[in-house]
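Everything below concerns the one structure shown next.
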Amino acid sequence: MRHTAVLARAAALALVLIVTPSASAALAAGVSFTGVVPAEAHGGLDAVALARGQRIKGEGRFTVVLGGLQWRFASSANKAAFLTDPSRYGA
């Protein structure tokens, strides 16, 4: 039974890694994948753009869940910048 549970968990993680483009970076940053949709940080505005003084709405395809909040970004570059140093952007 334990072996089956381990295999099921490994399969679920592999699916996340395949489906989520930056899953390995997200996992390294402590991002959790719970299936629960949390509140949007900054009302859905891109935190990296906000740090530059721009109010740009983030897109669903560039999303990270961290600290109980959903962080959206306008581009994959902004998402990557956030994952490099989330505390810089208020996470």
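Values quoted throughout were computed directly from the atomic coordinates according to the rules given, and no laboratory measurement underlies them. All values derive from a computational prediction rather than experimental measurement. Glycine gets a Cβ as well: all are built from the backbone with ideal geometry, and neighbour counts include every protein chain shown.
Descriptive notes on the structure:
- Qualifying residues in region 70-91 (those that are surrounded by 23 or more Cβ atoms within 10 Å (Cβ to Cβ) and among the basic types (Lys, Arg)) - the one nearest to Ile56 (Cα to Cα): Arg72
- Filtered residues of region 43-91 (kept if in contact with a Pro (Cβ under 6 Å, 6 or more places away or on another chain) and part of a loop (DSSP other than H, G, I, E, B)): Gly68
- Taking the criterion of being of a type in the set (A, V, I, L, M, F, W, C) and within 16 Å of Arg88 (Cβ to Cβ), the residues of region 49-67 that qualify are Ala49, Leu50, Ala51, Val64, Leu66.
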